[in-house]
Amino acid sequence: MYNSIKKQTFTGVRMVCMVLALVISSALFSGCSQKVDYAKAENWAYADDTKEKEADLFIICPTVDLGEGERFNMELDDEEMKESFVGALNMELGIYADSCDVYAPYYRQMTLSGYNLANQSEYLDIAYNDVKDAFTYYIENYNNGRPFVLAGFSQGSQLALQLMKDMFDNEEYSEKLIAAYLIGWRVTEEDIEEAPWLKMAQGETDTGCIISFNSEAENVDSSFIVPAGTKSLAINPLNWRTDDTPAAAEENKGACFTDYSGEIVREVAGLTGAYLDNERGTLKVPDVSPEEYPPSLDLFGDGEYHLYDYQFFYRNLQENVAARVQSYLQGN
């Protein structure tokens, strides 16, 4: 009799625990699967609808949420994280804001810890679907037929590349595209084969194209972004060539190191030259050292200058955005 009561009690407790687990799991899944309403201003970090410039910028923020415990997507009610989100955007916006009105959605980006998971695609899909919804809302409600620049960095570029694969075979989007600055993520021949409407930049002022590169020290032969055996497609942001012709440090018009307000706290003209590696397609940066510019994040090793992709070539990129905008406007 005692054993029967004990067994029934244990079974009851186990059932209660299972129900609680299902409720919690369902709540978590519901929170992640629910769509973000981009008609609400609170879901945009930037939505500059003043139309002061002749072009727009749709920019996707890089990874700022490192992730804690079992949380693999940024939560949009985390105000502290949203401040970091805006800060990361601000570090890049000086390159674009003189030429474009800025649109940047908050999205449930995959956390940095998510990149260590075998099943990362389910968390990356949440981030991507937010970006796709935000871009669709931007086109239908903010764009008004204007030309635009698409931009990202790191995860932002990864998601922007997927957006171009999914949507830019449609002339409604591709014909308005001035250029896509997909910096800090790899674009490969396989990507082009999968989506033949993608076009890599071949020079300084061509439009409707992708500008991409990944910076690293000369001795690096594998990295998180471009693993060994992978070749990325890229262009040199100093001489705008796609071969291995080196650009001297004198061609670097200014490396700019910015804070979360977007202010330039240090600027160095001629910091480094650069050349493209024929085998890896990466951008070799010969005139700085890994000790001076450490990776800061565990995903990256010494000599992976991922965090400095924008900063090392800031003024050249800023000048190039203006040049491509004008090239597009003059050609249309």
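The values are calculated or read from the model by the stated rules, or taken from the named source; none is laboratory data. Small disclaimer: the values here were computed from a predicted structure and weren't measured. No Cβ is skipped: glycine too gets one built from the backbone with ideal geometry, and neighbour counts run over all protein chains shown.
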Checklist line | Flag if residue 225 is within 17 Å of the chain's Cα centre (by Cα), touching a residue at least 40 places away in the same chain (Cβ under 8 Å) and in a loop (DSSP other than H, G, I, E, B) | finding: yes
Margin query: Quick check on this structure: which one of 268, 288 is in contact with a strand residue (DSSP E or B) (Cβ under 7 Å, 6 or more places away or on another chain) and either at pLDDT 95 or above or farther than 17 Å from residue 88 by Cβ (or both)?
Written below: 268
Margin query: Give me the residue from the range 244-265 that is more than 24 Å from the chain's Cα centre (by Cα) and of a type in the set (Asp, Glu) and, out of that set, farthest from residue 90 (Cα to Cα).
Written below: 244
Next item on the list: May I ask you to say which residue of 173, 181 is within 23 Å of residue 138 (Cα to Cα) and assigned to a helix (DSSP H, G or I)?
Entry: 173
Next item on the list: Take the residues in the range 293-314 that are outside any loop (DSSP other than H, G, I, E, B) and either hydrophobic (A, V, I, L, M, F, W, C) or out of contact with any Phe, Trp or Tyr (no Cβ under 9 Å at 6 or more places or on another chain) (or both), then tell me which one is nearest to residue 267 (Cα to Cα).
Entry: 312
Next item on the list: Considering only the range 290-313, state which residues are free of Cβ contacts under 8 Å to residues at least 12 places away in the same chain and either crowded, with 19+ Cβ neighbours inside 10 Å or of a type in the set (Gly, Ala, Ser) (or both).
Entry: 296
Item checked: Only one of 183, 210, 225 that is within 17 Å of residue 104 (Cβ to Cβ) and either touching a His at 6+ places or on another chain (Cβ under 9 Å) or hydrophobic (A, V, I, L, M, F, W, C) (or both) -> 183
Check: If only one of 173, 138 is farther than 25 Å from residue 63 by Cα and either surrounded by 24 or more Cβ atoms within 10 Å (Cβ to Cβ) or not charged (D, E, K, R) (or both), which one is it?
Finding: 173
Check: How do the pairs read when you match residues in the range 39-67 that are without any contact (Cβ under 8 Å) to a residue 12 or more places away in the chain and within 27 Å of residue 185 (Cα to Cα) with residues anywhere that are in a strand (DSSP E or B) and among the hydrophobic types (A, V, I, L, M, F, W, C), using Cβ under 8 Å and keeping only pairs 6 or more apart or on different chains?
Finding: none
Next item on the list: Working only within the range 280-307, note down all residues that are among the charged types (D, E, K, R) and closer than 9 Å to residue 215 by Cβ.
Entry: 284, 304
Check: When the range 182-214 is examined, which residues are found to be under 15 Å from residue 240 (Cβ atoms), touching a residue at least 40 places away in the same chain (Cβ under 8 Å) and surrounded by fewer than 16 Cβ atoms within 10 Å (Cβ to Cβ)?
Finding: 202
Next item on the list: Return the only residue of 213, 257 being among the hydrophobic types (A, V, I, L, M, F, W, C), under 18 Å from residue 293 (Cβ atoms) and not in a loop (DSSP other than H, G, I, E, B).
Entry: 257
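Residues checked against (1) small (Gly, Ala, Ser); (2) farther than 28 Å from residue 181 by Cβ; (3) at pLDDT 95 or above:
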residue: 29; (1), (2), (3): no, yes, no
residue: 49; (1), (2), (3): no, no, no
residue: 53; (1), (2), (3): no, no, yes
residue: 67; (1), (2), (3): yes, no, no
residue: 81; (1), (2), (3): no, no, yes
Margin query: Give me the residue from the range 148-170 that is under 8 Å from the mean Cα position of the chain (by Cα) and either part of a strand (DSSP E or B) or among the basic types (Lys, Arg) (or both) and, out of that set, surrounded by the most Cβ atoms within 10 Å (Cβ to Cβ).
Written below: 151
